[in-house]
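Reviewing the structure listed below.
Every read-out reported here was derived from the displayed coordinates using simple, explicitly stated rules and does not represent laboratory data. What you are looking at is a predicted structure, and each value in this text was computed from that prediction instead of being measured. When we count neighbours, we look across all protein chains shown, and the Cβ atoms used for this are built from the backbone with ideal geometry, even at glycine.
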There are 2 protein chains.
Amino acid sequence: MYYIGIDIGGTNLKAGLVDENYCITATRKQPLQFTSMEQMGETLAKMAIDLVEENNITRDQVASVGMGFPGPVNDKQGVVIKTVNIPIRFMPVAEMFHRFWDGVPVHLGNDADCAALGEFYHYEDKNIESLILVTLGTGIGTGIILNGRIHTGINGCAGEGGHIVLVHNGEQCTCGRKGCWERYASANALIRQTIAVMDQNKDSIIWGIVGGDLSRVDGRTAFEAMHQGDAPARAVIDQYLRYLGDGLSNFINIFQPEVIALGGGVSQARDEDLLLPLQSIVLEDCFGREADRHTRLVKAKLGNDAGIIGAALLGLQARDR
Amino acid sequence: MYYIGIDIGGTNLKAGLVDENYCITATRKQPLQFTSMEQMGETLAKMAIDLVEENNITRDQVASVGMGFPGPVNDKQGVVIKTVNIPIRFMPVAEMFHRFWDGVPVHLGNDADCAALGEFYHYEDKNIESLILVTLGTGIGTGIILNGRIHTGINGCAGEGGHIVLVHNGEQCTCGRKGCWERYASANALIRQTIAVMDQNKDSIIWGIVGGDLSRVDGRTAFEAMHQGDAPARAVIDQYLRYLGDGLSNFINIFQPEVIALGGGVSQARDEDLLLPLQSIVLEDCFGREADRHTRLVKAKLGNDAGIIGAALLGLQARDR
């Protein structure tokens, strides 16, 4: 049997055929061209149907179709509540899909939750029951898996871990609050912090690394300058690790999950620069220091495929119910 | 059938016989006199046996015995890992209990978790699946019920919601971190904040309310002065509500639970002073504003009985598994 996963992004739609080993065996990708919810429903169904036909399998071999949307969903009702950057409001996706392909179970998830589910099923230890994926990007996305299932909350809006206030009355966040974790520990926050320290240190090596062009500063720049011995860059990274570690410790004190996986470009920094110091920070800070078991802090594995795989496996999660 | 619950505090042991309506029908209370873990195990068993014999029921009528300890436990193994204020470390409570009363299922819980479970079973809407109890006392205790069960984490240490950093690099907390929520929003924090504002406002009405005696300041003092029109007291309460609301919004953004119940003395303030403004703050701040369902923020109901009732119902929770 196969599972189909579709990852709905603001720019592209990506669909994948996922096998019983939770691996992608074929994909399709097309630009998002949204004209109406009706058209969108048809596009999603046709993408799934094309994926089946192109790969010479039958519809009967597909156990379920799952879709990850950038926003809250109501999986039981088969409805997407709303999405970021796409004008979807209360879209009955499952019903629309079934007009073109009837009978196949359709499952909906939030994209960050789907990514977490993908990492969960791909984690080396298959006996774990809980995993939190923390993705460091423009903001901080989190997906929470407890007892092998996504924690969605009563309205599909749970798991907004980037929007935990870490600095009371701090920087204004896009969510309306002030001082959210993602304002201090996302990849974009690291870029802003790097630029701020450049501004204060005109002789920092960082200037040379980006050729004097602030638009070339990214989530790797400060790490690179630190390796070349730049003190301001080290200060940026040290502070960034404190912000990041503080939020991770918050999650551990609340959940004590088996695994926290870090995703996004920043998470690919060398272990000695990011993962190892973070492991020390959280072990020192958290409750449960003396317990026999601790949360394992690891790098996420799947990269951009996590969303497709997790969306596909929404069906598996539902079957286990 | 009955359930026996024992609430182990730093000063007293309280046991209760709980009926199938989750109500206490009889209690026993005795001072904690700890000499050894052996003796403690015997004391707990004898308390339960006495409760049965005094109330003319038979051991067969007791479905299970549950105990709430001030610290992390491993319920599956029947072991208390450690406790605050009592020198218990890795105590095999279930095994010790069974030396005196064999055959009855024994369940262990953390006291804050037990209190949350008690509130959960007593909540007016019996169809809820999630409730978080936030108790404002010396610190902030939280108990998290998801899918009708206590969320304990991998090591029994989850649910330490008071130890979420709200003010990065803020006040030193007893847990070792800086700026934890409980340093700003517990009952003790409110008392410190009241005293600080008195210090800056020698003409504040608060001075008269406590007869000039700082040791008489409690969690009600600032509310009372505010009602008498005292501006410094109003400033204290306004700020306190922001701290409290910020942490509650954090919980909602993570969990979107059906219910958050506020417990502890401070929660008994008039609704217009505490519950109603908090409801406005979290509704304005949280994700899911536009969703069809929102977390209900309510006052806890059971007071000091929550711990006994919740401990007793640990058995019910286990039976549902």
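The Cα center of the range A:242-294 and the Cα center of the range B:262-286 differ in position by 32 Å. Just list whichever of A:LYS82/A:LYS126; B:LYS14/B:LYS82; A:LYS29/A:LYS299; B:LYS29/B:LYS82 have alpha carbons separated by over 29 Å in the model shown. Going by Cα-Cα distance, A:LYS82/A:LYS126 fall outside the 29 Å limit.
The translational diffusion coefficient of the range A:1-93, from Stokes-Einstein at 20 °C and 1.002 mPa s with a Kirkwood hydrodynamic radius over alpha carbon pairs, comes to 157 µm²/s. Computed from Cα atoms, the angle from the helix B:111-122 axis to the main principal axis of chain B rounds to 90 degrees. Beta-bridge orientation, the protein assembly as shown: approximately 60 percent antiparallel, per DSSP, counting only bridges with both partners inside. Considering the protein assembly as shown at the alpha-carbon level, its Rg and Dmax are found to be 26.5, 86 Å. In this structure the amide hydrogen of B:LEU297, modeled in the peptide plane, comes within under 5 Å of the amide hydrogens of B:ILE260, none closer than 5 places in sequence on its chain. Taking amide H positions as modeled 1.01 Å from N, with prolines and chain starts lacking one, no residue 5 or more places away or on another chain lies under 5 Å from B:PHE100.
Output the relative contact order of the range B:129-300, whole-number percent, from Cα pairs under 8 angstrom with separation of 6+ residues. Relative contact order, the range B:129-300: 23 percent. When each of B:CYS173, B:CYS23, A:CYS114 is scored by the number of other beta-carbon atoms lying within 10 Å, the sequence from fewest to most is B:CYS23, B:CYS173, A:CYS114. Look at A:HIS163, B:HIS98, A:HIS227, B:HIS122 and count the other Cβ atoms within 10 Å of each Cβ; fewest to most, that gives A:HIS227, B:HIS98, B:HIS122, A:HIS163.
Take every pair of alpha-carbon atoms less than 8 Å apart whose residues are at least six positions apart; their mean separation over the length of chain B yields a relative contact order of 21 percent.
The orientation-averaged projection of the convex hull spanning the C-alpha atoms of chain B amounts to 17.6 square nanometres.
Counting beta carbons within 10 Å around each of A:ILE164, A:ILE281 and listing the fewest first gives the order A:ILE281, A:ILE164. At what distance in angstrom do the alpha carbon centres of the range A:155-200 and the range B:132-164 lie from each other? The distance from the Cα centre of the range A:155-200 to that of the range B:132-164 comes to 25 Å. Our coupling estimate for the range A:167-176, obtained by passing each phi through the Karplus curve with A = 6.51, B = -1.76, C = 1.60 and θ = phi - 60°, is 10, 3, 6, x, 4, 5, 9, 4, 7, x Hz, Gly and Pro reported as x. Take the alpha carbon gyration tensor of the range A:243-321, find the square roots of its eigenvalues, order them as a ≥ b ≥ c, and report rounded if a/c is under 1.5; if not, report prolate when a/b exceeds b/c, else oblate. Oblate, since a/c reaches 1.5 and b/c is not below a/b. Between this copy and the others, label points of A:THR174 are 4.1 nm apart in ascending order, each placed 7 angstrom from Cα in the Cβ direction. Over the range A:126-300, the ratio between the Cα radius of gyration and 2.2 N^0.38 Å evaluates to 1.07. Within chain B, the longest run free of exposed loop sites, counting GluC sites (Glu not before Pro) that sit outside DSSP helix and strand states (H, G, I, E, B) and have at most 10 other Cβ atoms within 10 Å, spans B:125-271. Hey, what angle do you get for helix B:187-200 against the long axis of chain B, alpha-carbon based, 0 to 90 degrees rounded to 10? Taking the Cα atoms of chain B, the angle to B:187-200 is about 20 degrees.
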